[in-house]
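Report on the structure given below.
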Amino acid sequence: MLSVLRTMWGVFLHTFHHRVTVQYPEERAYLAPRYRGRIVLTRDPDGGERCVGCYLCAAACPVDCIALQATEDENGRRYPEFFRINFSRCIFCGFCEDACPTYAIQLIPDVEMGEYDRQNLVYEKEQLMIDGPGKYPGYNYWKVCGVEIGGKGKGEAEREASDTDLRRLLP
Amino acid sequence: MTSPHPFAAILGVLIVALTIASGLIWYERRLLALWQDRYGPNRVGPFGLLQVAADMIKIFTKEDWIPPFADKPVFVLAPAIVIVTVLLTFAVLPIAPGIIVSDLNVGLLFFLAMSSLGVYSVVLAGLSSDNKYSLLGGVRAAAQMLSYEVFMGLSLMGVVVLAGSFNLVKIVEAQQKMWFVIPQFLGFILFLIAGIAETRRLPFDLPEAESELVAGYHSEYSGMKFGMFFVGEYLGVTLISALIAILFFGGWLGPFLPPIVWFFIKVLFFISFFVLLRASLPRPRFDQLMSWGWKLMLPLALVNILVTGAVVLAFR
């Protein structure tokens, strides 16, 4: 009997507790910078596409929501012809971001993607691409990789030693 | 003495009672939310008050389905009984001096009779649904009502002895010097417990018992028939709160404020208490409920009558 009264008193004291509900549209919960929300495609600091169309994100995706087709431009630089993410399937696991070798695909702390029409959740490259470099401001894949593209030959990348002359006999 | 304008009184009591009952949908949800550190419905209209309107529109436009295996006439009649019996009891409640529909000289007995009739609603609903969960709910309701009806009546006899009348107005007027809750504290506790069981509110909502019996006796009900059970339940809560205020807390009596304000303050206090019970207490097992009713509450009620009668006789 005493425990009944004590329970009632304890519940009554909750009148003076603060309420835990976050009144969503007016006040919003803080989302950490590394929060895994909407997926974006980022660009190099000089504005070029980072994605090289390696398909690793599509392979890593556990729900197969990423579809892309790689192609090459006249300089031999690979880029995706189309890049499509079906956000009605995406589970925001971030595996694609982990798999990406060029920091192209990134998850950002934005979760407000509600739609009335399911078709509108299929994002094409135009919707995915952002103008900036995202979380890695200085990184430029094509400047540091050893691959030969138009305007950059072998051994001309940043922090790359020039090619060894095989005919020299000096050590 | 009946009110000088009987039709105005009837209309007033009906409108106020039904408004309070539907307002309780909102009030209970907000209060439960407060005690669970939430906000509850606060979006529709000011403070979410129009939630009641939204709920009513929803419940009126829902499909009102009668299962083909149900006993149709009884099935339709059952939800009406609960509303009718509770609303009839509101007729004998003295709200303030002069504001009463029918100043019955056996008002208290009328209330007890009507609350006994109210159980038919639940039992018939459970029986006519032809569903094992409904039937279990109905059976539980019958047993619960039987055992709690007995000491509910007995717990009020102390008040009757002190006031010397079954008339609710006389009972209120007899509390000018002292509220009956002080000399009749045991009777108050017993009536409170019986009242909760009578309205089938938590922690005595065994006929409904969502966690065991789907929704108990109204599992098969939908639309406004289901709504009638709910309005009936909220009307019952209002009624029991009003009766507690009238019988033990001096009804409209109180200083400074007008009588009707005092009455509503007291009723609202006990309604809030009912919600607090729902927010805090778990449901007892069925055999516990029965054994408390018969082995603890009934003897206590009898002792209460005996002692009250002896004291009143001794000081006569």
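Among the conditions (1) among the β-branched types (Val, Ile, Thr); (2) within 20 Å of B:VAL169 (Cβ to Cβ); (3) out of contact with any Ser or Thr (no Cβ under 6 Å at 6 or more places or on another chain), B:VAL312 misses just one, which is (2).
Can you tell me which residue among B:ARG285, B:ARG316, B:ARG278 is over 24 Å from B:PHE166 (Cα atoms), surrounded by fewer than 20 Cβ atoms within 10 Å (Cβ to Cβ) and modelled with pLDDT under 85?
B:ARG285
Only a single item in (1) part of a loop (DSSP other than H, G, I, E, B); (2) of a type outside the set (S, T, N, Q); (3) within 14 Å of chain B (Cβ to nearest Cβ) is not met by A:GLY53, and it is number (3).
Let's see how each residue does on (1) at negative phi; (2) of a type outside the set (S, T, N, Q); (3) touching a Lys or Arg at 6+ places or on another chain (Cβ under 9 Å); (4) away from every other protein chain (no Cβ under 14 Å):
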site: A:GLN23; (1), (2), (3), (4): yes, no, no, no
site: A:ARG28; (1), (2), (3), (4): yes, yes, no, yes
site: A:ARG36; (1), (2), (3), (4): yes, yes, no, yes
site: A:ASP73; (1), (2), (3), (4): yes, yes, no, yes
site: A:PRO80; (1), (2), (3), (4): yes, yes, yes, yes
site: A:PHE87; (1), (2), (3), (4): yes, yes, yes, yes
site: A:CYS93; (1), (2), (3), (4): yes, yes, yes, yes
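Of all residues in the stretch B:193-204, which are surrounded by 22 or more Cβ atoms within 10 Å (Cβ to Cβ) and not in a helix (DSSP H, G or I)? Listed by number, the residues that qualify are B:THR199, B:ARG200, B:PHE204. When every residue of the stretch A:125-143 is checked against the conditions, none turns out to be crowded, with 16+ Cβ neighbours inside 10 Å and farther than 20 Å from A:GLY48 by Cα. One residue stands out in the stretch B:140-168 among those that are among the small types (Gly, Ala, Ser) and not in a helix (DSSP H, G or I): the one that is surrounded by the most Cβ atoms within 10 Å (Cβ to Cβ), namely B:SER165. Scanning the stretch A:3-19 turns up no residue that is under 19 Å from A:GLU124 (Cα atoms), surrounded by 15 or more Cβ atoms within 10 Å (Cβ to Cβ) and either among the β-branched types (Val, Ile, Thr) or within 14 Å of another protein chain (Cβ to nearest Cβ) (or both). With respect to the conditions (1) over 12 Å from the mean Cα position of the chain (by Cα); (2) hydrophobic (A, V, I, L, M, F, W, C); (3) at pLDDT 80 or above; (4) within 21 Å of B:ALA125 (Cα to Cα), B:ILE196 falls short on a single one, namely (1).
Looking only at residues that are among the small types (Gly, Ala, Ser) and modelled with pLDDT under 90 in the stretch A:1-36, which one is farthest from A:GLU72 (Cα to Cα)? Only one residue fits best here, namely A:SER3. I'd like the full set of residues that are over 22 Å from B:TYR234 (Cα atoms) and either among the β-branched types (Val, Ile, Thr) or within 14 Å of another protein chain (Cβ to nearest Cβ) (or both), limited to the stretch B:270-288. Listed by number, the list holds a single entry, B:GLN288. Only one of the listed residues (B:PRO94, B:PRO79, B:PRO73, B:PRO67) is in a helix (DSSP H, G or I) and either at pLDDT below 85 or surrounded by 14 or more Cβ atoms within 10 Å (Cβ to Cβ) (or both). That residue is B:PRO79.
Against the definition (of a type in the set (S, T, N, Q), crowded, with 16+ Cβ neighbours inside 10 Å and within 26 Å of B:PHE263 (Cα to Cα)), how does B:THR19 come out, yes or no? Steps first, please.
On the way: of a type in the set (S, T, N, Q): yes; crowded, with 16+ Cβ neighbours inside 10 Å: no; within 26 Å of B:PHE263 (Cα to Cα): yes.
No; evaluated as a whole, the condition is false for this residue.
Out of curiosity, is B:LEU108 crowded, with 18+ Cβ neighbours inside 10 Å, modelled with pLDDT of 85 or more and in a helix (DSSP H, G or I)? Against the criterion (crowded, with 18+ Cβ neighbours inside 10 Å, modelled with pLDDT of 85 or more and in a helix (DSSP H, G or I)), B:LEU108 qualifies.
Residue-by-condition table, conditions (1) part of a helix (DSSP H, G or I); (2) within 14 Å of chain A (Cβ to nearest Cβ); (3) charged (D, E, K, R); (4) out of contact with any Cys (no Cβ under 8 Å at 6 or more places or on another chain):
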position: B:LEU11; (1), (2), (3), (4): yes, no, no, yes
position: B:VAL16; (1), (2), (3), (4): yes, no, no, yes
position: B:THR19; (1), (2), (3), (4): yes, no, no, yes
position: B:ARG30; (1), (2), (3), (4): yes, yes, yes, yes
position: B:ASN42; (1), (2), (3), (4): no, yes, no, yes
position: B:PHE47; (1), (2), (3), (4): yes, yes, no, yes
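If you take just the helices (runs of 4 or more DSSP H) that sit entirely in the stretch A:88-150, which of them hold at least 3 residues that are under 25 Å from A:ALA32 (Cα atoms) and in contact (Cβ under 8 Å) with a residue 24 or more places away in the chain?
A:95-99
Scan the stretch B:249-269 and tell me whether some residue there is within 13 Å of chain A (Cβ to nearest Cβ) and either within 23 Å of B:TRP35 (Cβ to Cβ) or surrounded by fewer than 20 Cβ atoms within 10 Å (Cβ to Cβ) (or both). Checked against the condition, which is being within 13 Å of chain A (Cβ to nearest Cβ) and either within 23 Å of B:TRP35 (Cβ to Cβ) or surrounded by fewer than 20 Cβ atoms within 10 Å (Cβ to Cβ) (or both), the stretch B:249-269 yields at least one hit.
The values are calculated or read from the model by the stated rules, or taken from the named source; none is laboratory data. Note that the structure is a prediction, hence the values are computed from the model and not measured. Using ideal geometry, Cβ is built from the backbone for each residue, glycine included, and neighbour counts are taken over all protein chains shown.
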